[in-house]
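Q: This is the structure, below, for whatever I ask next.
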Amino acid sequence: MSASVWLTAQTSAPAQRADRYVEGSAAHPAKMLPAIAAQAITRYTAPGDLVLDPMCGIGTTLVEAVRTGRHALGVEYESRWAQLAARNLFHATQRGATGSGEVYCGDARHLPDLVPERHHGRIALVVTSPPYGNSLHGQVRSSRETGQRGVVKRDYRYGSDPANLAHTGTDDLLTGFTQILTHCRPLLRPGGTVAVTARPWRERGELIDLPSAVLAAGEQAGLVPAERCVALLAGVREGRLITRPSFFQMKNVRAARRLGLPLHLIAHEDLLLFTAPPRRHRRRSTEELPAPAEPTNRR
Ligand SMILES: C[S@@+](CC[C@H](N)C(=O)[O-])C[C@H]1O[C@@H](n2cnc3c(N)ncnc32)[C@H](O)[C@@H]1O
């Protein structure tokens, strides 16, 4: 498997989003950096190709796809984010994007029922990211802004539905995510690519290695691991990393260091790339395998 480093945060996330996303989009707790989606799209597709994000949030993948002349499909569980994704797509079109896009609200564990059949087997690229641990999410307002004591955290939830994979435990999240990748496989055109961004996080000091779990999920889904890249969340200036940690990342690292744990800020996401196996080599599950042929008696 090859590896490379992608410069995806030479400008901040707000600068990358400026004027391209409608009001309300900032409230999503775990948006992808637009440059990650944009680089994946330009590397692995050509204008006119079809791109899918089965967990599309406010539609970052879709907006970046239509801006560069690709067509985009998105699925999102929460109607609040699905509506914003549709509005962001419309906004992109009004600003001259040449691609077209559609958003379906539903559970991507039932992807083949949500994506119209005419698109099956035609998707060139899936770009997506599973929901992360909520210690990474949210925006803060200081007591000066709120007039209340202490720091107030807001916009740190995806919704209130316990069935949203963001609200399940890590095991259920990974089972659900494996199901989603398994359903992506037949939707891809032969040789199509799947790009998944994932970040490790800490729960009570313990590292949850989501990227390695995503790699295992992809393999279990019958996809072929192709590259493991580093998508930087920090800028690079004169050979040095310029980190842009959130308030909570700083707070957690500082607290750990006070306790003597030598934690560092996480300044990248892992970007895991898989390819769809050629159809004739695709691994089939035991239910899909034909019953063993009866021996033919030629006598
Ligand atoms: C990490 S966020 C994706 C953010 C997106 N890349 C963006 O930039 O807006 C994961 C999304 O998956 C959604 N989600 C969770 N469970 C889902 C499911 N079963 N089917 C579809 N979407 C789901 C969450 O509501 C959340 O918006």
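The values are calculated or read from the model by the stated rules, or taken from the named source; none is laboratory data. Values in this document were obtained by computation on a predicted structure and should not be read as measured data. Please note: Cβ atoms are built from the backbone with ideal geometry, for glycine as well, and neighbour counts cover all protein chains shown.
Q: Just one of (1) of a type in the set (Val, Ile, Thr); (2) surrounded by fewer than 19 Cβ atoms within 10 Å (Cβ to Cβ); (3) within 14 Å of the ligand (Cβ to nearest atom); (4) within 16 Å of Asp270 (Cβ to Cβ) trips up Ile208, so point out which.
A: All conditions are met except number (3).
Q: Quick one: Ala37 ticks every box in (1) more than 12 Å from the ligand (Cβ to nearest atom); (2) not in a loop (DSSP other than H, G, I, E, B) bar one, so which box is it?
A: (1)
Q: Okay, moving on. crowded, with 16+ Cβ neighbours inside 10 Å and under 19 Å from the mean Cα position of the chain (by Cα): is that true of Ala195 in this structure?
A: Numbers: crowded, with 16+ Cβ neighbours inside 10 Å: yes; under 19 Å from the mean Cα position of the chain (by Cα): yes.
It is true that Ala195 is crowded, with 16+ Cβ neighbours inside 10 Å and under 19 Å from the mean Cα position of the chain (by Cα).
Q: I'm checking my understanding of the structure. Among residues of segment 85-111 that are β-branched (Val, Ile, Thr) and more than 17 Å from the chain's Cα centre (by Cα), which one is nearest to the ligand (Cβ to nearest atom)?
A: Once the filter is applied, the top-ranked residue is Thr93.
Q: Scan segment 232-246 and report the pairs whose first residue is exposed (fewer than 15 other Cβ atoms within 10 Å of the Cβ) and whose second residue is outside any loop (DSSP other than H, G, I, E, B), with Cβ atoms within less than 7 Å and a gap of 6+ or a chain change.
A: Pairs that qualify, where the first residue is exposed (fewer than 15 other Cβ atoms within 10 Å of the Cβ) and the partner is outside any loop (DSSP other than H, G, I, E, B), are Ile242/Gly235.
Q: Let me confirm something: among Val51, Val66, which residue is in a helix (DSSP H, G or I), within 15 Å of the ligand (Cβ to nearest atom), farther than 14 Å from Thr197 by Cβ and among the β-branched types (Val, Ile, Thr)?
A: Val66
Q: Still on this structure, I have one more. Could you grab me the full set of residues in segment 230-260 that are farther than 25 Å from Leu272 by Cβ and of a type in the set (Lys, Arg)?
A: Those that are farther than 25 Å from Leu272 by Cβ and of a type in the set (Lys, Arg): Arg237, Arg240, Lys251, Arg254, Arg257, Arg258.
To keep it simple, each residue is scored yes or no on (1) in contact with a Ser or Thr (Cβ under 8 Å, 6 or more places away or on another chain); (2) within 20 Å of Trp6 (Cα to Cα); (3) β-branched (Val, Ile, Thr).
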{"site": "Thr193", "(1), (2), (3)": "yes, yes, yes"}
{"site": "Ile208", "(1), (2), (3)": "yes, no, yes"}
{"site": "Glu219", "(1), (2), (3)": "no, no, no"}
{"site": "Glu227", "(1), (2), (3)": "yes, yes, no"}
{"site": "Leu233", "(1), (2), (3)": "yes, yes, no"}
{"site": "Leu259", "(1), (2), (3)": "no, no, no"}
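Q: A further question on this structure: At pLDDT 95 or above, closer than 22 Å to Ala35 by Cβ, among the β-branched types (Val, Ile, Thr) and within 16 Å of the ligand (Cβ to nearest atom), is that true of Val115?
A: no
Q: How many of the residues making up segment 164-178 are of a type in the set (S, T, N, Q) and either surrounded by 21 or more Cβ atoms within 10 Å (Cβ to Cβ) or within 10 Å of the ligand (Cβ to nearest atom) (or both)?
A: Going through segment 164-178 one residue at a time, the tally reaches 2.
Q: Hey, another quick one. Among residues belonging to segment 6-34 that are touching a Pro at 6+ places or on another chain (Cβ under 7 Å) and either in contact (Cβ under 8 Å) with a residue 24 or more places away in the chain or of a type in the set (Lys, Arg) (or both), point out the one that is nearest to the ligand (Cβ to nearest atom).
A: Per the criteria, the residue is Ala30.
Q: Hey, another quick one. Can you spot a residue in segment 58-68 that is more than 24 Å from Leu272 (Cα to Cα), crowded, with 21+ Cβ neighbours inside 10 Å and touching a residue at least 60 places away in the same chain (Cβ under 8 Å)?
A: Checked against the condition, which is being more than 24 Å from Leu272 (Cα to Cα), crowded, with 21+ Cβ neighbours inside 10 Å and touching a residue at least 60 places away in the same chain (Cβ under 8 Å), segment 58-68 yields no hits at all.
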